[in-house]
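What follows is a short report on a single structure.
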Amino acid sequence: MDPNVATLPRFAPGDSGDRRSRSRWDGTVVAGAVLVGAAVVLGRTLRRVVVEGGSMAPTLLDGDRLVVLARPWGPPRVPLVGDIVAAPDPRRPDRVLVKRVGRVDRAAGTVELLGDAPGASTDSRVFGPVPVASVVGRVVHRYGPPGRTGPLGRSTEYHRA
């Protein structure tokens, strides 16, 4: 074989040999799979809640729209005192309550949920502590209404007896 002569590779019948178009197709499939996986995880991780009533005033007002960050798998994270969380109403599980964590009892695996406006709130003072496992997640952001948007952090000044 003459080293000065170039030879072209032979392809199987029907194989155009265009590796670029095949790698683009593979890249599209991988990207699509990643997007579907991300959508599933985010769908189980981020939830939206609308505040109804004044039990969390002045922090949250009627009509505020919130993003709740949940854990999609694994053991439930024990919230900290001062966190604003979402949890099903123990009296009506189809209804979601948004309350502040007033106390955590790790031994019993429960949290006390309290409204910021005690006179307008139905909370653990009425129905008692709730299991940590029932907490849907922590409220992290208010996305509406316009003018009241932004992140919601943990209150460091919340001290209830």
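All of the numbers you see were taken from the coordinates with simple rules; none came from a lab. Predicted, not measured: the structure shown is a model, and the values here were computed from it. Every residue, glycine among them, receives a Cβ derived from its backbone with ideal geometry; neighbour counts consider all protein chains shown.
Some points to look at:
- Among the residues listed as Gly119, Gly82, Gly109, the single one being in contact with a Lys or Arg (Cβ under 7 Å, 6 or more places away or on another chain) and either crowded, with 19+ Cβ neighbours inside 10 Å or not hydroxyl-bearing (Ser, Thr, Tyr) (or both): Gly82
- The residue pairs whose first member lies in segment 83-109 and is farther than 22 Å from Arg154 by Cβ, whose second member is surrounded by fewer than 20 Cβ atoms within 10 Å (Cβ to Cβ) and among the aromatic types (Phe, Trp, Tyr), and whose beta carbons are closer than 7 Å, counting only pairs six or more residues apart or on different chains, are Pro90/Phe127; Arg91/Phe127.
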